[in-house]
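Report on one structure; see the data block that follows.
Each value in this text was obtained by applying a stated rule to the coordinates, not by laboratory testing. Please read these numbers as outputs of a predicted model, since none were measured by experiment. Quick reminder, even Gly has a Cβ in these numbers, built from the backbone with ideal geometry, and neighbours come from all protein chains shown.
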Amino acid sequence: MTTLSDTELLDAARRAAEHAYVPYSSFPVGAAVLTDDGTLFTGCNVENAAYGEAICAERNAVTTMIAAGESPKVATVAVIGLKAAPCWPCGACRQVLREFHCDRVIVEGEDGQPVSLPFDQILPNSFGPDALEAR
Ligand SMILES: [Zn+2]
């Protein structure tokens with residue numbers, strides 16, 4: 001079980017961002033996903049000459065979590081953009097994080113300090129797996 005502070009999670013995201021492949025946007029982003037059982041996964045954004053095939057840091061971290069066979073429950077995601085603060089997850093990443101029950105989002109504020117929000121504040125009234133259950 002990993003217990004990490006918000007600052008430590010942002011630091012893990014920052015380390016991942018340093019590996020970002022961003023020859024087109026020059027906008028490196030890193031994400032750190034902490035599962036509900038305390039396992040940490042990180043990801044960075046990876047761009048492509050076919051722009052639409054890029055993947056964001058958050059989705060990269062989530063797919064790495066799934067590929068590892070880990071718990072599909074995201075307790076917290078920390079996101080950092082090396083050239084922008086705060087750097088909130090995009091709409092696609094919010095939906096993917098919603099799929100895996102993300103509880104909390106941490107970004108770096110303009111002052112460099114962690115800013116934490118409950119997930120439902122960044123994706124209210126969301127569509128998720130429960131919506132597909134039979135009435
Ligand atoms: Zn995204």
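Couplings for the stretch 81-88, taken from phi via the Karplus curve 6.51 cos²θ - 1.76 cosθ + 1.60 with θ = phi - 60°, read x, 5, 10, 8, 9, x, 10, 7 Hz in order; Gly and Pro are left as x. When you count the other C-beta atoms within 10 angstrom of each residue and take the mean per peptide, 107-113, 48-54 line up highest first as 107-113, 48-54. Between 42, 76, 63, the GNM of the chain built on Cα springs shorter than 10 angstrom shows 63 fluctuating the most. When +1 charges are put on Lys and Arg Cβ atoms and -1 charges on Asp and Glu Cβ atoms, the dipole computed for the stretch 1-114 relative to its Cα centre reaches about 220 debye. What the pair-distance distribution of the stretch 6-132 shows, using all Cα-Cα distances binned every 5 Å from zero, is 2, 12, 23, 25, 20, 12, 5, 1, 0 percent. If you take the square roots of the eigenvalues of the alpha-carbon gyration tensor of the stretch 16-87 and sort them as a ≥ b ≥ c, do you get rounded (a/c under 1.5), prolate (a/b over b/c) or oblate? Oblate.
Derived scalar couplings between HN and Hα for the stretch 120-135 equal 5, 7, 9, 9, x, 6, 7, 8, x, x, 5, 5, 8, 6, 5, 6 Hz in order, rounded to whole Hz, by the Karplus curve 6.51 cos²θ - 1.76 cosθ + 1.60 (θ = phi - 60°), x for Gly and Pro. Take the Cα of residue 5, step 7 Å toward its Cβ, do the same at residue 21, and the gap between the two points is 3.5 nm. Amide H contacts for residue 39 (H built 1.01 Å from N in the peptide plane; partners 5 or more residues away or on another chain; cut-off under 5 Å): 2. Result for the chain in a Gaussian network model with C-alpha springs under 10 Å: among 123, 97, 82, the largest mean-square fluctuation is at 123.
Backbone geometry of the stretch 114-119 corresponds, through the Karplus equation with coefficients 6.51, -1.76 and 1.60 at θ = phi - 60°, to 3J(HN,Hα) couplings of x, 10, 10, 9, x, 4 Hz, x marking Gly and Pro.
Report the one residue of 24, 72, 57 whose Cα lies farthest in the direction of the positive end of the charge dipole of the chain (charges on C-beta: Lys and Arg +1, Asp and Glu -1; origin at the Cα centre). The Cα lying farthest towards the positive end belongs to 24.
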